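Below is one structure, written out as structure tokens, with a few remarks after it.
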Amino acid sequence: MIESTAPAFKENARKALADTVLQSALSIARPRFVDKRRKAKDRLPEFDALRDQARDIKNHTLAHIDLYLEAYEAKVKEQGGEVHWAATPDEARDIVVGLCRRLQAKTVTKGKSMISEEIDLNRALEQAGITPIETDLGEYIIQLRGERPSHIIAPAVHLTKSEIVADFRRVHTHLPPGRDLSEISTIVGEARGILREKYVEADVGITGANYLIAETGTSIIVTNEGNGDLTQILPKAHIVVTSIEKLVPTLEDAATILRLLARSATGQEFSAYTTLSTGPRRSGDPDGPGEYHVVLLDNGRSRMLGGEFQDMLRCIRCGACMNHCPVYMAVGGHAYGWVYPGPMGAVLTPSLIGVENSALLPNASTFCGRCEEVCPMRIPLPKMMRHWREREFARHLSPPAQRSGLALWAYVARRPRLYAFASWLGHRILRTMAGRKGRIAALPLAGAWTRHRDFPGPQKMTFREQWKRRPR
Amino acid sequence: MKEKASLTERPPRVGLFVTCLVDLLRPSVGFAAVKLLEDAGCVVDAPLSQTCCGQPGYNSGDRHTAAEIALQVIDLFDPYDFIVAPSGSCAGMLRKHYPALFAEGTPERMRAEKFSGRCYELISFLADVRGVETIPVPCRRSVTYHDSCSGLRELGVRAQPRRLLASMPGLALKELHESDVCCGFGGTFCVKYPAISNAMVEHKVANIEKSGAELLLAGDLGCLLNMAGKLTRSGSNIEVRHVAEVLAGDTSEPPIAGANRP
């Protein structure tokens, strides 16, 4: 599993807020994601009804996931493929590296896969002497930079065009240094030209999966670049690296959820490519991989079944929650410190790496509710962030100052007469401090507030005092 | 669901949930709420042994304290026909979250469910329950309106304040870009994550400045204090008030921020 800097979230966030490139990239991304999704939703009157259907499909699947997983495995076998069960990231890595070694792979092409990030697959491949090549443009860019994705569908959203051009000039040294890279189309063209050769050279193609279909043993990916098709069709073997909650019962179910996915993610009706893979190349097929493997990762997901966080397993990784999250859009994805950023990460990360290692994430929300409002799978993200805070509180993990402040508030708020006195006293102190200006520029114990803004002073008397004197 | 006011019915008794911030900092919002409710034919009382709705504990993971405070609020306000708060956040706590504090099937849960159905945010109560459609008080100001998150998304407060404001003779309503995006207050969030909260309120204040309005309104004092504090710190002259003060036609108190502050 990749290492986490989630405990340093606040420090990460401070750096992110001072990073001018990141802030400029986010200010471009922010309105685009929101406008496009809203327009796509408005064009589909049954959007909200589809959300209900999609939620029900996943709830049904999760309620019977043992049966569907068995059915899925049987179907994959029937088509000539193989399913490998991985309880942990270590197991998943060992399986993939083992398969690549057996196939004597020197290079592997990779379609976009967050599970491969979760298990830190690229590093394991490199350590085994195998060269992984990311073929999704965003993933390709961050691989050149030695970075991690900062967004689950737009991995390089933290960058602007000029960084990308500089990276291409730095790495693609075989191309003329004076070439024109001012247009996005030429940048894409350059990456495409380089990746074409890699597809043909690769011994193994690794992709993720958006859905696994129990009825047919099919895995489905969606892309906009067609890179997934070339990654999985040309090499000797196709390895699907995925996790158990991607399962749905039927192709029909996947079709229903697909109608929500691109609209929620990029505001497209559908992604440019929706690719279905069912087993290896059959006799008579014009192309396809000689072997088809599915590595099914659990990594704590089965522990979420039947508990407070089961709803999170409905997530289809569209990214709408982070696209609409004011906290994500302020600090970007790297600040979250692990694989999954934004609201979905704030719920999923503690489930997978422990709340003791990531409690700052579910706390980093104003509970504004915009994530839940746009979630195509109707996942109650704020409610589950609150559940993590409850676990944190119950296990005495929250900071001592916060705990004692809360205890003091709890003591006073349960004693109305003491509360009225505290309110009166607080009022008098604030009123004195605010003085004639009527505002406080530096408030002891509330420096976190007054560092950035004034504290407006109170009116002459508390409501209680005035209400008592009110003429009847 | 609309229960329009009728001449024959007994005037409803409303318990005003003042909210801790209004009590401490801006009682004029409470009195504006009282006036609006009385104008809408209600008999209003503000029981003074009220404290807090329990949100600080609830959102910090202390469910047990939140549940104890919920029972205290339910006991105190049970005699009233309706419980109304000049805050989407506190009203959301009473209406949407109190039942969730108690296990299903328990007597407390049943009590909380019966209680929460009678709890409302002020402006939506006036419009949706009391059928208030227009406010005939003139107000010659250009105003913009920020949708506080809890009111907007938990209680569906969106059209009601805009409709009532637009009915005031002379008032020009200028829409705020991204009016539905959080201002960065978030209760304890603003002190737990000050740098992020600051980035959010900076973004909000930039949009407020761009609206061209002279007066910013919202329905939650927490958000208003956050935005007002940022506006005065950045030297802006934009006035800030709770929407109830303007609707009640009582702007005798200086605004939370802005021009006529001494």
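The values are calculated or read from the model by the stated rules, or taken from the named source; none is laboratory data. These numbers come from a predicted model, not from an experiment. No Cβ is skipped: glycine too gets one built from the backbone with ideal geometry, and neighbour counts run over all protein chains shown.
Here are some notes:
- Evaluating A:Arg428 against the criteria (1) over 21 Å from B:Val73 (Cα atoms); (2) touching a helix residue (DSSP H, G or I) at 6+ places or on another chain (Cβ under 7 Å) leaves one unmet condition, (2).
- Residues considered: A:Met385, A:Met344, A:Met433. Of these, the only one that is in contact with a strand residue (DSSP E or B) (Cβ under 9 Å, 6 or more places away or on another chain) and among the aliphatic types (A, V, I, L, M) is A:Met433.
- Search result, residues across the stretch A:273-312 that are in contact with a strand residue (DSSP E or B) (Cβ under 8 Å, 6 or more places away or on another chain) and over 26 Å from A:Gln79 (Cα atoms): A:Asn299, A:Arg301
- Residues (assigned to a helix (DSSP H, G or I) and either facing chain B (nearest Cβ under 8 Å) or within 14 Å of B:Ala257 (Cβ to Cβ) (or both)) located in the stretch A:428-446: A:Leu430, A:Ala434, A:Arg436, A:Lys437
- Identity of the residue in the stretch B:54-66, under 19 Å from the mean Cα position of the chain (by Cα) and within 9 Å of chain A (Cβ to nearest Cβ), that ends up surrounded by the fewest Cβ atoms within 10 Å (Cβ to Cβ): B:Pro56
- Boolean, A:Trp424 is of a type in the set (Phe, Trp, Tyr) and free of Cβ contacts under 8 Å to residues at least 40 places away in the same chain: no
- Lone qualifier among A:Pro362, A:Pro280 - being surrounded by fewer than 24 Cβ atoms within 10 Å (Cβ to Cβ) and not aromatic (Phe, Trp, Tyr): A:Pro280
- Qualifying residues in the stretch A:121-141 (those that are in contact with a helix residue (DSSP H, G or I) (Cβ under 7 Å, 6 or more places away or on another chain) and farther than 18 Å from A:Gln232 by Cα) - the one surrounded by the fewest Cβ atoms within 10 Å (Cβ to Cβ): A:Ala128
- In this structure, A:Pro376 does satisfy being farther than 22 Å from A:Ile119 by Cα and either outside any helix (DSSP H, G or I) or of a type in the set (Gly, Ala, Ser) (or both).
- Test: A:Lys110 is basic (Lys, Arg), over 30 Å from A:Leu137 (Cβ atoms) and in contact with a helix residue (DSSP H, G or I) (Cβ under 8 Å, 6 or more places away or on another chain): no
- Number of residues in the stretch B:167-204 that are surrounded by fewer than 24 Cβ atoms within 10 Å (Cβ to Cβ) and more than 7 Å from chain A (Cβ to nearest Cβ): the value is 18.
- Taking the stretch A:447-460 as the range and being more than 7 Å from chain B (Cβ to nearest Cβ), out of contact with any strand residue (DSSP E or B) (no Cβ under 8 Å at 6 or more places or on another chain) and outside any helix (DSSP H, G or I) as the test, only A:Lys460 passes.
- The sole residue among B:Gly187, B:Gly229, B:Gly235 that is free of Cβ contacts under 8 Å to residues at least 60 places away in the same chain and part of a loop (DSSP other than H, G, I, E, B) is B:Gly235.
- Test: residue in the stretch B:67-75 that is in contact with a Lys or Arg (Cβ under 7 Å, 6 or more places away or on another chain) and more than 13 Å from every other protein chain (Cβ to nearest Cβ): yes
- Residues of the stretch A:128-144 satisfying the condition of being part of a helix (DSSP H, G or I) and without any contact (Cβ under 8 Å) to a residue 24 or more places away in the chain: A:Ile142, A:Gln143
- Scanning the stretch A:414-427 for any residue that is modelled with pLDDT under 95, facing another protein chain (nearest Cβ under 7 Å) and not in a loop (DSSP other than H, G, I, E, B) turns up nothing.
- Filtered by the rule that a residue be closer than 30 Å to A:Arg303 by Cβ and part of a loop (DSSP other than H, G, I, E, B), the stretch A:228-277 gives A:Pro249, A:Thr250.
- Summed over the stretch B:35-52, residues that are more than 21 Å from A:Pro471 (Cα to Cα) and more than 9 Å from every other protein chain (Cβ to nearest Cβ) total 0.
- The set of residues from the stretch B:150-161 being more than 9 Å from chain A (Cβ to nearest Cβ) and crowded, with 19+ Cβ neighbours inside 10 Å comprises B:Gly151, B:Leu155, B:Val157, B:Gln160, B:Pro161.
- Top-ranked residue in the stretch B:205-221 [being more than 12 Å from every other protein chain (Cβ to nearest Cβ) and in a helix (DSSP H, G or I); ranked as nearest to B:Ala172 (Cα to Cα)]: B:Ser211
- B:Leu224 of a type outside the set (S, T, N, Q) and not in a helix (DSSP H, G or I): no
- Test for B:Pro27: is it at the interface with chain A (Cβ under 9 Å from one of its Cβ atoms), within 16 Å of the chain's Cα centre (by Cα) and modelled with pLDDT of 95 or more: yes
- Residue match in the stretch B:234-250 (condition: in contact with a strand residue (DSSP E or B) (Cβ under 8 Å, 6 or more places away or on another chain), hydroxyl-bearing (Ser, Thr, Tyr) and within 7 Å of chain A (Cβ to nearest Cβ)): no
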